[in-house]
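The values are calculated or read from the model by the stated rules, or taken from the named source; none is laboratory data. Since we're looking at a predicted model, the values are computed, not measured. Counting neighbours? That spans all protein chains shown, and the Cβs are built from the backbone with ideal geometry, glycine included. Each accessible area value is taken on the protein alone, full model and side chains, heavy atoms only, with ligands, DNA and RNA left out. Shrake-Rupley method; radii C 1.70, N 1.55, O 1.52, S 1.80 Å.
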Amino acid sequence: MTEKEAVDIFEKAHFLHDQSDMKRDIESIRYVLSQKPIDMHQVRMQIDTVNRKHPENVVVFNLIFPLQGNRVLLASASDVNLISDLSWKLDYLQAKQKGKAFDEFCKTMRKIANEHQDGGLK
């Protein structure tokens, strides 16, 4: 096995791990939001988990919805605000998961096109 082949395998394994991890997070959020009544402790835990694992979600949120007024700390946020925040994180993770899958597809297509230009499959 060449170094390039090993790197390709590692990148694919890393991609699959990331996809699986995001899928677990998405399913956990869906489960928490589907419970009646919603367990607000679980909502806070899911928000904290997403913020730790995907800190860029806060930046993206702030870019889409610029700050207007004071921020509310997670510990003092209302139930409605917490549920809304977790719903945003669900949408964000679903979009991120699809975006990463599309990016991986594009990389594969570029690789196939480059191999074809270089004289066929090797």
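Checked against the criterion of being open to solvent by 90 Å² or more (accessible area, probe 1.4 Å), more than 29 Å from GLU104 (Cβ to Cβ) and among the hydrophobic types (A, V, I, L, M, F, W, C), the range 79-87 has at least one qualifying residue. When the residues of the range 88-122 are filtered to those that are at pLDDT below 85, in a helix (DSSP H, G or I) and open to solvent by 100 Å² or more (accessible area, probe 1.4 Å), the one that is farthest from PHE15 (Cα to Cα) is GLN117. What's the number of the condition VAL72 fails, among (1) of a type in the set (Val, Ile, Thr); (2) part of a loop (DSSP other than H, G, I, E, B); (3) over 30 Å from ARG44 (Cα atoms)? Among (1) of a type in the set (Val, Ile, Thr); (2) part of a loop (DSSP other than H, G, I, E, B); (3) over 30 Å from ARG44 (Cα atoms), the lone unmet condition for VAL72 is (3). Residues in the range 1-23 that are closer than 17 Å to ASN57 by Cα and loosely packed, with under 13 Cβ neighbours inside 10 Å: none.
Cβ separations smaller than 8 Å between residues 6+ apart or across chains give no pair from the range 5-16 residues that are over 17 Å from ALA101 (Cβ atoms) to residues that are surrounded by 10 or more Cβ atoms within 10 Å (Cβ to Cβ). Within the range 24-49, the residues that satisfy the criterion of being among the hydrophobic types (A, V, I, L, M, F, W, C) and either open to solvent by less than 50 Å² (accessible area, probe 1.4 Å) or in a loop (DSSP other than H, G, I, E, B) (or both) are ILE26, ILE29, VAL32, LEU33, ILE38, MET40, VAL43, ILE47.
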